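**Student:** First the structure, which I've put down as structure tokens, then a few questions once you've had a look.
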Amino acid sequence: MGVIVVGAGIAGVTCAGELAARGVDVVVLERARGVGGRLAVHRHDGRPADIGAAYFTVSDQEFDTRVRQWRRDGLVREWTDTLAVFEGTTRIGDSSGPMRWAAPGGLPSLVTESARDVTVRTGCEVGEIRPGPDGRPRVDGEPCDAVVLAMPDPQAARLLDPHTAAGAVVADREWDPILALTIGFARRGWPELPAAFVNDHPVLASVADDGDRRGDRAPVLVAHSTGALARAHEAAPEAAVTTMTAAVGRLLGTAAEPEWTHQHHWPYAAPRERRDRSFHLDDDGIGLAGDGWGRSRVQTAWLSGLRLGRELAGRLGG
Ligand SMILES: Cc1cc2nc3c(=O)[nH]c(=O)nc-3n(C[C@H](O)[C@H](O)[C@H](O)COP(=O)(O)OP(=O)(O)OC[C@H]3O[C@@H](n4cnc5c(N)ncnc54)[C@H](O)[C@@H]3O)c2cc1C
């Protein structure tokens, strides 16, 4: 076997795509039923709402080139550069920043597109990765030329021996959880705002208008909790649904009862500390990529996968 990439998030499929483009034999193993990882949607009556990353921003030249291609392909659109800001429950103004990009079909569509020329096996959970005596790593006992773990550090740590180079790099790295609550209403009934940052709030960190984000004006909001709320409800996340629903209603001044809600628990939403390298790769052929390698962002994960793919292809003669 050539290279095995574990994890079909944006980092893993980008890494695999780069390897494949350089003629390296590569396969991606993903434990979930589909690709995307933390670029994820919940579908209600067939309509997707983004429940992982809310949007992405672009500051890197190479990522910009990729995003322009996605736009030409009709996969992404410019959403907004201005978000509302709340301090507690008070709207204190707006914050202008970089353009936030959204995907009308949901952000996982970018991963599906990036995986087009790559072999991905879904429903394949990897259990153990070890360095081999011949310098080739073993993935669940199977030798390969190299392996890439493209996932949050705590998930990678479960697969690695902490005494190996990669195992030591991911050991004891803390990541924060988030609860994502999607709320569907009968009709739109809140002040116009594409999305809001919510500061100093015990329950909410952000709220996005998914109808505005997707461009179909559907009456759907997606709220992200604070890390503290998610940690407090680790054992029973569903107990936070009522609290979050009420907090969103109070924040946006809507008394309307939701028609439906859906909650998702992200145990490893974002790393607590960032690194200043793009990836890890040691002589034992075990590599690490993902958004833990920089500021936790879609662009970071994409760049991490791309750069590790390039480095590996160079080493393997691709
Ligand atoms: C709630 C939330 C909000 C966010 N908001 C933003 C935002 O607004 N803007 C932004 O830029 N970024 C945002 N992010 C961050 C962004 O989603 C991530 O940076 C990016 O998606 C990370 O991609 P990745 O490929 O590194 O990891 P992931 O997407 O986590 O992919 C890892 C994959 O590995 C798989 N896997 C794990 N263990 C195994 C195993 N043993 N065997 C096989 N497969 C395995 C997982 O199933 C998963 O598919 C947000 C994230 C969350 C959770």
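The values are calculated or read from the model by the stated rules, or taken from the named source; none is laboratory data. In this text the structure is predicted, and so the values were computed from the model without any measurement. All Cβ positions, even for glycine, are placed from backbone atoms using ideal geometry, and neighbour counts span all protein chains on display.
**Student:** Can you tell me which residue is farthest from ASP50 (Cα to Cα) among those in the stretch 209-239 that are within 15 Å of the ligand (Cβ to nearest atom) and basic (Lys, Arg)?
**Tutor:** ARG231
**Student:** Identify, by number, the condition in (1) within 16 Å of the ligand (Cβ to nearest atom); (2) in a helix (DSSP H, G or I); (3) touching a strand residue (DSSP E or B) at 6+ places or on another chain (Cβ under 9 Å) that TRP266 doesn't meet.
**Tutor:** (2) is the only condition that TRP266 fails.
**Student:** Every residue in the stretch 28-47 that is of a type outside the set (D, E, K, R) and either within 15 Å of the ligand (Cβ to nearest atom) or under 14 Å from the mean Cα position of the chain (by Cα) (or both), please.
**Tutor:** VAL28, LEU29, ALA32, GLY34, VAL35, GLY36, GLY37, LEU39, ALA40, VAL41, HIS42
**Student:** When the residues of the stretch 138-156 are narrowed to those that are part of a helix (DSSP H, G or I) and more than 9 Å from the ligand (Cβ to nearest atom), which ends up surrounded by the fewest Cβ atoms within 10 Å (Cβ to Cβ)?
**Tutor:** PRO154
**Student:** Can you find, within the stretch 103-124, the residue that is surrounded by the most Cβ atoms within 10 Å (Cβ to Cβ) among those that are under 14 Å from the mean Cα position of the chain (by Cα) and assigned to a helix (DSSP H, G or I)?
**Tutor:** LEU110
**Student:** Please state which of the following conditions HIS233 fails to meet, knowing it meets all the rest: (1) out of contact with any helix residue (DSSP H, G or I) (no Cβ under 6 Å at 6 or more places or on another chain); (2) in the same structural domain as GLY93 (by TED's automatic domain parsing); (3) in contact (Cβ under 8 Å) with a residue 40 or more places away in the chain; (4) surrounded by fewer than 21 Cβ atoms within 10 Å (Cβ to Cβ).
**Tutor:** Here HIS233 clears every test but (1).
A quick yes/no check of all residues on (1) crowded, with 21+ Cβ neighbours inside 10 Å; (2) within 29 Å of LEU204 (Cβ to Cβ); (3) within 16 Å of the ligand (Cβ to nearest atom); (4) touching a residue at least 60 places away in the same chain (Cβ under 8 Å):
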position: THR242; (1), (2), (3), (4): no, yes, no, no
position: LEU252; (1), (2), (3), (4): yes, yes, no, yes
position: ALA256; (1), (2), (3), (4): no, yes, no, yes
position: ALA270; (1), (2), (3), (4): no, yes, yes, yes
position: PHE279; (1), (2), (3), (4): yes, no, yes, no
position: ARG297; (1), (2), (3), (4): no, yes, yes, yes
position: LEU308; (1), (2), (3), (4): yes, no, yes, yes
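**Student:** Given the residues GLY74, GLY127, GLY135, which is the only one that is assigned to a loop (DSSP other than H, G, I, E, B) and either in contact with a strand residue (DSSP E or B) (Cβ under 7 Å, 6 or more places away or on another chain) or within 10 Å of the ligand (Cβ to nearest atom) (or both)?
**Tutor:** Details: GLY74 fails: either in contact with a strand residue (DSSP E or B) (Cβ under 7 Å, 6 or more places away or on another chain) or within 10 Å of the ligand (Cβ to nearest atom) (or both); GLY135 fails: either in contact with a strand residue (DSSP E or B) (Cβ under 7 Å, 6 or more places away or on another chain) or within 10 Å of the ligand (Cβ to nearest atom) (or both).
So the residue among GLY74, GLY127, GLY135 that is assigned to a loop (DSSP other than H, G, I, E, B) and either in contact with a strand residue (DSSP E or B) (Cβ under 7 Å, 6 or more places away or on another chain) or within 10 Å of the ligand (Cβ to nearest atom) (or both) is GLY127.
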